[in-house]
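Heads up, the thing below is written out as structure tokens.
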Amino acid sequence: MKKFIKKIFGIDKIEALTAEAEKKLQEATVKAEVVIAEAAEKERISKLSPKELANEKGEPYVAVLETKVNADNVRNGFFELDWNEHFIVQLRLNGFQGQSEEEIVDLWFQELCRNVGAEAGVNMDRRGSGYVNVNNLGDGKSEIG
């Protein structure tokens, strides 16, 4: 009898429309929540430094943070490098061995400089030309001079 009364007065159609509207509202709410979550994630990622982003992705990271040239002798200076543990693993897998991360990065940097010089046709025989000073700055940073 209830169904009959609802049908006569059109209440059944109103209830069906209400149920459909509620379903669409739920779907729209879920979509809005996904869009909000994606926007929040994009904002979070945009605030990460390149090193933090590489760490989060599990990728190797190395960067030159600073370069200084000795004003008294322009042949001398230093690079301040920054790296993550994934870069150290990559170097170890490629044959660079050392007792500390700084030593491993120093060996890599020396080879990199030798390769750049050799490609430019520079005599890379550096015997008696000085030394490389490595200053561990901590937190995966090192000053090489």
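The numbers here are math on the coordinates, done by the rules we state, and not lab data. This one's a predicted model, so the numbers in the text were calculated from it and none came from an experiment. Ideal geometry is used to build each Cβ from the backbone, glycine not excepted, and the neighbour counts take in all protein chains shown.
What to note about this one:
- Residues L137, L93 in ascending order of nearby Cβ atoms (within 10 Å, fewest first): L93, L137.
- With the simple model of a label 7 Å out from the Cα in the direction of the Cβ, N94 to T18 spans 6.8 nm.
- Label-to-label distance, nm, for residues given as A37 and K51 (7 Å Cα→Cβ offset): 3.2
- Anisotropy class of segment 1-79 from Cα gyration tensor, a/c 1.5 cut: prolate
- Each of S46, V30, F4 was scored by the projection of its Cα onto the charge dipole of segment 2-46, and the greatest displacement toward the positive side belongs to F4; charges sit on the C-beta of Lys, Arg, Asp and Glu.
- Beyond 24 Å, the tail of the calculated P(r) for the chain holds 58 percent of the Cα pairs.
- Added length on full extension, which subtracts the Cα-Cα distance from 0.36 nm per residue, E111 to A63: 15.7 nm
- Taking each residue as 0.36 nm, the span from I11 to V74 lengthens on full extension beyond its C-alpha to C-alpha distance by 13.7 nm.
- Cβ-defined net charge surrounding A28, 14 Å radius [Lys, Arg +1; Asp, Glu -1]: -1
- Ellipsoid semi-axes for segment 2-46, based on the Cα gyration tensor and the rule √(5λ), read 41, 5, 4 Å when sorted largest first.
- For the chain, the longest principal axis of the Cα atoms and the long axis of helix 11-46 meet at an angle of about 10 degrees.
- Rounded to the nearest 20 debye, the dipole magnitude of the chain is 1100 debye, with +1 charges on Lys and Arg beta carbons, -1 on Asp and Glu beta carbons, and the Cα centre as origin.
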